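The values are calculated or read from the model by the stated rules, or taken from the named source; none is laboratory data. Note that the structure is a prediction, hence the values are computed from the model and not measured. Don't worry about glycine lacking a Cβ; one is built from the backbone with ideal geometry, like all the others, and counts go over all protein chains shown.
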C-alpha cells in the first residue's frame, strides 16, 4: 500500500482527485487501488515545553537558566483535531510499506512531514513529490517525477528543525532572563520579532530626534540657442561637484551658492545636450512580500489579510499557484504554456489586452527560480462573481502582473543638458536640465510603471534636441529649504524592510552573509523572517502592545522603546539570523548535526547572562510602575491581569505559558467600536459580562451585555443578552 501525506487538507483533496479520481473521504482519508491520501493540518507536532521535561521549569527561576534539551523532543500539538489526525496517520503508517511525502516545497514543508514519519519510526520506503500548482494535470506531472526522500532532502528538514529548536531556546531563555532581571513579565524576545521591533523603534526615534537643518539649492532660467533651435526660459538646476560638497550631502553654506550665482551671471559657457534612450520593462510577477506590501499601499489591506486571501484563492478556488513564494521569476515551461493559460485568465477578467506571445519577459529565467516560482494565475475557468470583493481584487492584481509580461516595454528618450560652472581654482559643478518624452507607452498604457510612485514622464516641459547651444542668462535664485525627517513605517514598508534588513547592517561581514543567504531570491535582499511569517510577526508585535497603528502608519509604543533600548545589542540585531544561517547551511550539507545551532545559542546566552541589564538596575522600579498595573485574576488560567500604563492594554501574566487573553482600549464588536475602561476590563477579564451601548445595523441604539470568547489565539466577544 502507498500512503501519500499532504501538508494541508485542500492539497490532499486535490491529490485524491488527480491520482485516485475521486474526492470521497472515508474515515478521514481518501483511498482507491491500494493508495491512501491523508493530510496533516500544518504542524501536528510541536517542541515540548520545558515543564514537560521537568515540572520545576514552570516557575521562572534565574538559576535554572539556560534551559535547553538536545534533540528537543517533539510532542503532539495541543489542539484536539491535530491530536486525532496525528493518531490517524500513525495508524495508517503501520499498514503501509511506502510513503509519498507531499509537504510544501521548502524547508518547513520538508520538516513538517519528516517529523511525523520519524515520530512513528517508519522504516519503509519514502518518496518526495514537489507540488507548486494544485491543478490536476500539474499534480499528475509531479507524481510522474517522484524522487527519493533521501539524506539531502531530510537534511533540508533538519535545518528547519534546528532553527525551530534555536528559536524556542532563544525565546525561552532571553525572555525569562529579561523578565527576572527587570521584573517586567509579558515582554517576549525573539530572533526575528526583536530586530523587527528595532526597525520601528529606530525609525521612530530618528523622527523624534530629527533636527531641521537649512540647506540651499540654486535654480536658473536660461535661453539656449544655436543655428537650428532656440529654447527660452529653460529651468536649470545646479548640481554641485563632490569637491564643492566636501563630503556633505547638501550645501548648507549659502555664500557658496551666491558665488556660483555670480559666476553664472557674469560668464555662462556653452551648453551641451545629449539624448539617452531608455526602455522600462514590466514589473516582475508578484512574490508574497511584494504582493502584501502593494496591497497594503493600494488597497489598505493588512499583511495577514492579503496572506489569508491568497490562501483562499489557492485552496478554495484553485485560482493561483503556491501563494507563499519568495520568488518573482518563472520557468521556461511557464513561457511555453502562456499562450494557452493567458486567454483563460483574460476570459476570467473579461479583458482583452493586445498581447504578443513572442515577447519573452526577463521573468522567464529558470536560473533564478528557487524552490518556488512567482505567484501567477492557474489555467482554470473561474466565475469571479462567486469570489468575495477582496478575492477578486487580489486575483486581478496577480493576473495583471502576469499579463503585462507579454506587452512591450515602455520606450523613452531623455534629453540631458549641462553647463559647466568653474572658477579659477576648481570645477564647482554644473547646471542641468532634463526632459523626457515617451516614444511608446508599451505596457504602461494599461498598467502602472512603478511599485511605489508613478515614474515622471517629464522633468521639464521643453524637450531639448541634441547639440551645442549658446546660453543666455535670464534669472537666478538661491532657494532656502529644510531637511525632512524619515517617513513613518506602514505595515507594507516594514514588511519590505524585513525582506532587506541588510541595508541597515553596519558590520560588512554580517551584511555579506545576509545577502549571501538570499542569493538567487530576487525579492529577498538580506532578510529576516520568511514571506509566510512576517505578517504574523508584525501582528503579534501589535497584539503584544509593542507596536500600534496610528492611521495607516505603524509606530512603537513608549513601553516598547524603553524595553528595546535596555536589551543587550547581541540579541536584538539581524546579526543572529546571519550567524544562524551559516550553521543551518552546514546542517543541510551534513557537516554538522542539528544540535550544533542549539549549542551556539547556549554559549551566546552564557556569555551575557551575568553581565546584561546591569546598567539599567536603577530603572527597574520605574519600568515596573510605569509599564503595568495589576488589576484582577484571569478567568481563563488564574494568572494576574495587568494593565500597561503606557498603552491602554490589559493582558494576562501567563502569556508566555500560552494564555492569550488581551484586551485593548478600543476593540470591535460587529460594527461597533467599544471603549474599554478599567472597570469593564476587570469585569471581562474576570469572566463576567460588561454593559455597552451599541448601534444596530439600522443605526438604532441598544444596550448589551458582552463577555469574552476566545477565538483561537485572539480575544473576541459574544453577546450574553441585550435590551432596547
Of residues in region 581-595 being in contact with a helix residue (DSSP H, G or I) (Cβ under 6 Å, 6 or more places away or on another chain) and farther than 12 Å from residue 163 by Cβ, the one modelled with the highest pLDDT: 592
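Residues checked against (1) closer than 21 Å to residue 649 by Cα; (2) surrounded by 15 or more Cβ atoms within 10 Å (Cβ to Cβ):
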| site | (1), (2) |
| --- | --- |
| 685 | yes, yes |
| 689 | yes, yes |
| 692 | yes, yes |
| 700 | no, no |
| 704 | no, yes |
| 709 | yes, no |
| 714 | yes, no |
| 718 | yes, no |
| 721 | no, no |
Which of the residues that make up region 342-394 are in a helix (DSSP H, G or I) and more than 19 Å from residue 286 (Cβ to Cβ)? 343, 347, 367, 385, 386, 389
Filter region 399-413 for residues that are more than 14 Å from residue 338 (Cα to Cα) and touching a residue at least 60 places away in the same chain (Cβ under 8 Å); the one that is farthest from the chain's Cα centre (by Cα) is 413
Within region 499-521, is even one residue on the phi > 0 side of the Ramachandran plot and either surrounded by fewer than 17 Cβ atoms within 10 Å (Cβ to Cβ) or modelled with pLDDT of 90 or more (or both)? yes
Top-ranked residue of region 655-692 - restricted to ones that are more than 29 Å from the chain's Cα centre (by Cα) and assigned to a strand (DSSP E or B), ranked as nearest to residue 633 (Cα to Cα): 690
1 or more residues out of contact with any helix residue (DSSP H, G or I) (no Cβ under 8 Å at 6 or more places or on another chain) and surrounded by fewer than 17 Cβ atoms within 10 Å (Cβ to Cβ): qualifying strands (runs of 3 or more DSSP E) within region 54-159: 98-102, 125-128
When region 478-492 is examined, which residues are found to be closer than 20 Å to residue 205 by Cα and surrounded by 11 or more Cβ atoms within 10 Å (Cβ to Cβ)? 483, 485, 486, 488, 489, 490, 491, 492
Would you tally the residues in region 414-438 being without any contact (Cβ under 8 Å) to a residue 60 or more places away in the chain and either touching a helix residue (DSSP H, G or I) at 6+ places or on another chain (Cβ under 6 Å) or more than 17 Å from residue 256 (Cβ to Cβ) (or both)? 5
Test each condition in (1) surrounded by 15 or more Cβ atoms within 10 Å (Cβ to Cβ); (2) in contact with a helix residue (DSSP H, G or I) (Cβ under 9 Å, 6 or more places away or on another chain); (3) modelled with pLDDT of 95 or more for residue 467 and report the one that comes out false. (2)
Based on this model, can you work out whether residue 396 counts as without any contact (Cβ under 8 Å) to a residue 24 or more places away in the chain, surrounded by fewer than 21 Cβ atoms within 10 Å (Cβ to Cβ) and closer than 20 Å to residue 447 by Cα? no
Just one listed residue, out of 242, 287, 227, is touching a residue at least 12 places away in the same chain (Cβ under 8 Å) and not assigned by TED's automatic domain parsing to the domain that holds residue 373, and it is 287
Is it true that residue 194 is in a helix (DSSP H, G or I) and either in contact with a strand residue (DSSP E or B) (Cβ under 7 Å, 6 or more places away or on another chain) or in contact (Cβ under 8 Å) with a residue 12 or more places away in the chain (or both)? yes
Matching entry among 540, 553 (being surrounded by fewer than 21 Cβ atoms within 10 Å (Cβ to Cβ) and closer than 16 Å to residue 193 by Cα): 540
Any residue that is closer than 23 Å to residue 145 by Cβ and at pLDDT 95 or above - is there at least one of those in region 39-47? yes
Selection status of residue 416, surrounded by 17 or more Cβ atoms within 10 Å (Cβ to Cβ) and over 30 Å from residue 225 (Cα atoms): no
If I filter region 256-272 for residues that are within 30 Å of residue 325 (Cα to Cα) and either in a loop (DSSP other than H, G, I, E, B) or touching a residue at least 12 places away in the same chain (Cβ under 8 Å) (or both), do I get at least one hit? no
Residues of region 245-268 being at pLDDT below 85 and surrounded by 15 or more Cβ atoms within 10 Å (Cβ to Cβ), which ones? 268
So, residue 221, is that one in a strand (DSSP E or B) and outside the structural domain of residue 544 (by TED's automatic domain parsing) or not? yes
Which residue out of 97, 104 is within 35 Å of the chain's Cα centre (by Cα) and in contact (Cβ under 8 Å) with a residue 24 or more places away in the chain? 104
